[in-house]
Structure formats: C-alpha cells, structure tokens
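Visitor: Got a structure for you, written out below as structure tokens; questions coming shortly.
Any read-out appearing in this document is the output of simple, stated calculations on the displayed coordinates, not a laboratory observation. Note that the structure is predicted; figures quoted are calculated from it, not measured. Quick reminder, even Gly has a Cβ in these numbers, built from the backbone with ideal geometry, and neighbours come from all protein chains shown.
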Amino acid sequence: MKANELMIGDWVLFDHNPVRVAILGAAQDSLGLAVGDNVFGQPYSIIEPIPLTAEILEKNGFDMDDYTVHFKEDEHYMLELVFEDDELKWTINCNEYTIMNFEYVHELQHALRLCGIEKEIEL
C-alpha cells in the first residue's frame, strides 16, 4: 500500500492480522500500527488492505436484503450504499449515479469520514 491511500484509524492487515493505522510515517516509507496499546513502525510495502466482505458489512449494520442502505449513524443520508453485482457502491439519487465502488474496508472508512459520519467499523 502507499502512504496516500491511508488515514489514521484505518484498518489494514499486518502479518495476516487486522490492525489500525496509528501514525502516518515520519519517514516516507513507514507507518505506525496500533496493536493493543503498542505502536509499531512498519514499512508500507508489507501492509495489505482488508477486503470488504458481506460479513463485515452485516456486522456493521448493513442489511443485505435492502436495495439501498444507510448506516443509522448517517442522519442526513449522505452515504447511500447499494450492493449490486457483488460490489458495494456509493451512489446518489436512488442508485442513479455511482460515486465510487468500495473494495476495501479503508475505502469505506474514508467515505464515512468524508461525510462526517461517526461510525467505527468493527471487524
């Protein structure tokens, strides 16, 4: 992964385990990962994105039966989500226009933050 793809608080995989980004590198090629109460510096090159799965979506309040879904924390319906053709899409106007597809957990986290939705993603 690259530095410009991540934000503090993002979930990523390190050594096949989910961890949170705690510090975005003082050095160009490293970042700090939070593991419990500890922070460890690691190079970006060994960090992997976490695929966004149906299980993660369901655990966080996404109802797979609905056509468009909003997180309950999204009081103004800014993040309209549609699960279509095995892809999660951020759309507007009842799925008329797609803003972007989500493939990884950190992408969904960025959209939530962009929309001002205070929702912590659980893995």
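Visitor: Project the alpha carbons of the chain onto their principal axes and report the range along each, largest first, in whole Å.
Guide: Its Cα atoms span 43, 26, 23 Å along the three principal axes.
Visitor: With unit charges on the beta carbons (Lys and Arg positive, Asp and Glu negative) and the dipole taken about the Cα centre of the chain, which residue among F71, A3, T53 sits farthest to the positive side?
Guide: Selected residue: A3.
Visitor: Sum -39500 (n - 2.57) across every DSSP H segment of at least 4 residues in the chain, then divide by the residue count to get the 222 nm mean residue ellipticity, nearest 500.
Guide: For the chain, the value works out to -3500 deg cm²/dmol.
Visitor: If you don't mind, another one. Percent relative contact order of the chain, based on C-alpha pairs within less than 8 angstrom and at least six residues apart?
Guide: On the way: 201 pairs, mean separation 24.3, N = 123.
Relative contact order for the chain comes out at 20 percent.
Visitor: Here's another thing I want to ask about it. Over the Cα atoms of the range 3-48, Rg to Rh with Kirkwood Rh, two decimal places?
Guide: Details: Rg = 9.2 Å, Rh = 10.2 Å.
Computed over Cα atoms, the ratio is 0.90.
Visitor: Let me ask something else about it. Of the listed peptides 7-20, 93-106, what is their order by residue-averaged count of other C-beta atoms within 10 Å, with the highest listed first? Before the final figure, lay out each step's value.
Guide: Working: 7-20: 15.4, 93-106: 13.9.
Highest-to-lowest ranking by the protection proxy: 7-20, 93-106.
Visitor: For a quick size check, give me the Cα extents of the range 54-114 along its three principal axes, largest first, whole Å.
Guide: Here the Cα extents, ordered largest to smallest, are 26, 25, 19 Å.
Visitor: Could you give the angle, 0 to 90 degrees to the nearest 10, between helix 105-114's Cα long axis and the longest principal axis of the Cα atoms of the chain?
Guide: The angle comes out near 70 degrees.
Visitor: In debye, nearest 20: dipole of the chain around its Cα centre with unit charges on the Cβ of K, R (+) and D, E (-)?
Guide: On the way: 7 positive and 25 negative charges, 121 e Å.
My answer is approximately 580 debye.
Visitor: Positive end of the dipole of the chain, charges at C-beta (+1 Lys, Arg; -1 Asp, Glu), about the Cα centre: which of F62, H16, L123 has its Cα farthest in that direction?
Guide: H16
Visitor: If we count every other residue with Cβ under 12 angstrom of S45's Cβ, Lys/Arg +1 and Asp/Glu -1, where does the sum land?
Guide: Values: positive: K2; negative: D29, E48.
That sum, taken over residues with Cβ under 12 Å, equals -1.
Visitor: Expressed as a rounded percentage, what relative contact order does the range 3-48 have, with Cα pairs under 8 Å and six or more residues apart?
Guide: RCO, the range 3-48: 32 percent.
Visitor: What distance in nm separates the two pseudo spin-label positions at A3 and T68, each 7 Å out from Cα along the beta-carbon direction?
Guide: In this crude label model, A3 to T68 measures out at 3.9 nm.
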